[in-house]
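Worksheet: one structure, shown below.
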Number of protein chains: 2
Amino acid sequence: MASKDNSVNIKGDGAAKAAGTYHHGDLRAAVIAAGLTRLAEGDGTELGLRALARDVGVSATALYRHFPDKEALLDALADEGLRRLGALQAQAWLRAGGGHAGFKATGIAYVRFAYDEPAVFRLSFTRQMSERCEPGADGGEVGYNLLRAGVAQTMPNLEDPDTAALHAWALVHGLAMLILDRRIEWDEAMVEEVVGLTFGGKA
Amino acid sequence: MASKDNSVNIKGDGAAKAAGTYHHGDLRAAVIAAGLTRLAEGDGTELGLRALARDVGVSATALYRHFPDKEALLDALADEGLRRLGALQAQAWLRAGGGHAGFKATGIAYVRFAYDEPAVFRLSFTRQMSERCEPGADGGEVGYNLLRAGVAQTMPNLEDPDTAALHAWALVHGLAMLILDRRIEWDEAMVEEVVGLTFGGKA
DNA sequence: CTCGATATGTTTACAGTGACAACATATGGC
DNA sequence: GCCATATGTTGTCACTGTAAACATATCGAG
């Protein structure tokens, strides 16, 4: 049919057509990549299975060979989003050299990620976890570990580090969500200031 | 046809069949009430126009006489949700007698509302404001005024009250969202402790 | 190398959705 | 009493997620 070769393939490259091992190479990866791209482009249109499949050059129902249903696909996208967020936070932590500055940097990276990729961020956190996927294999591990490490390193002599960690997380998460939902305007200086109030303003 | 009288009317009472002024009485109000009820019952099923119309005892397309489209209907529901949240916060503020304790109470009420009515809370904040409805006529006014008043009264000599207000709002909002999305467990004592860190723990 | 088993992709079809147009009916002012 | 108008209904359309039946490529065993 040759309909596979001249597929439009506007997006969804990166992990697509990985030589000729299987029909497509590695669908699933390609679908996830295409999904993230589509989310990143921010067209408010809910990504539908048909559109996604067309992006990847495959017919709609093919996706069901790799995901039991749409929810599972979204779960996979959400997980990948969390992984990216964690990576950005780790990068920010390292670039700032750890310590107070590093901890604060991870917080700002959190909010910036939400601002840069609103759809991905919302999707990543809106999927209520568990119920569908049992604990473990969570893409948010990196971020969570960074949070714990940051608290431990920044305020070592604290009676309740859990409370402090939760406080920090809730702060940046709320900031991110409020910006995302247009409750407040994005403003880098403002974010730094607010985050600094909790994440160690003196550093 | 008498199909209107024997409508199931499981939910959606409260403002329904308000005597015989018009066909239904006051649809719109009835629809909003039914929608909130359906959201409150927490059945994860996205509320559809047909189901909502059936709840109220009316045929699906009748809703289009009162809302231009589904989005507008959801906007109305969101607005009503914000109004209720504001009312609960005001009540909490009064019950605690204002001041530090009152301010903290409004914060806790915020999180508790999200926990009690997750669907309504999420809907209320997920609708990105403006774009669709111009500023003004916002159901969140009460809550916002409480926030400003609380900050002003609790920490009067502050260089930047805006930052403090944002800090407080982001904290409770993030806490609410994290609980809603099952990132953290609901725990009244924990909420009080975390909120206390920012809202005046000494009071 | 041939051949079946299996994994992957396609076609067709179906129920459900939001939305529109045309039609029906009650309300209220003149 | 009568008509303009607000409200509610029926029928229909494009679209969506998804399942069943069918087609094809890949790989291991003989």
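Please treat every number below as a calculation from the coordinates, not as lab data. Because the structure is predicted, anything quoted here is derived from the model rather than measured. So basically every Cβ, Gly included, is an ideal-geometry build from the backbone, and we count neighbours across all protein chains shown.
In the P(r) worked out for the range B:73-198, what percent of Cα pairs fall beyond 27 Å? Within the range B:73-198, distances greater than 27 Å cover 15 percent of Cα pairs.
Go through A:T61, A:G86, A:A30 and say which Cα lies farthest out towards the positive end of the charge dipole of the range A:27-115; charges sit on Cβ, +1 for Lys and Arg, -1 for Asp and Glu. Positive-most Cα among the choices belongs to A:G86. Which shape class applies to the range A:27-91: rounded if a/c is under 1.5, otherwise prolate when a/b exceeds b/c and oblate if not, where a ≥ b ≥ c are the square roots of the Cα gyration tensor eigenvalues? It comes out prolate by the Cα gyration axes.
Put a dot 7 Å past the Cα of A:A189, heading toward its Cβ, do the same for A:E141, and the two dots end up 4.2 nm apart.
Across the copies of the chain, A:G42 has label points (7 Å from Cα along Cα→Cβ) spaced 3.6 nm apart, shortest distance listed first.
Averaged over peptide A:188-194, the number of partner chain Cβ atoms lying within 10 Å of each residue's Cβ comes to 3. Checking every one of the GluC sites (Glu not before Pro) in the range B:48-147 against DSSP loop status and a limit of 16 other Cβ atoms within 10 Å picks out B:E131. Rounded to the nearest 20, the size of the Cβ-charge dipole of the range A:73-198 about its Cα centre is 200 debye, with Lys and Arg at +1 and Asp and Glu at -1. Sorting B:R122, B:R28 from the fewest to the most surrounding beta carbons within 10 angstrom yields B:R28, B:R122. For B:K104, the aspartates and glutamates whose Cα comes closer than 14 Å to its Cα, not counting residues fewer than 8 places off in the same chain, are B:E188, B:E192, B:E193. Net length available on complete extension from A:A62 to A:E159 is 29.5 nm, with 0.36 nm assigned per residue and the Cα-Cα distance removed. Classify the range B:71-114: rounded, prolate or oblate, from the alpha-carbon gyration tensor (a ≥ b ≥ c, eigenvalue square roots; a/c under 1.5 rounded; otherwise prolate if a/b is larger than b/c)? Taking the square roots of the gyration eigenvalues as a ≥ b ≥ c, the range B:71-114 is prolate. Karplus-derived 3J(HN,Hα) values for the range B:180-194, using 6.51 cos²θ - 1.76 cosθ + 1.60 with θ = phi - 60°, are 4, 8, 6, 6, 9, 7, 5, 7, 3, 4, 4, 4, 4, 5, 5 Hz; glycine and proline are entered as x.
Of the residues B:M155, B:M190, the one with the fewest other Cβ atoms within 10 Å heads the list, and the complete ranking is B:M155, B:M190.
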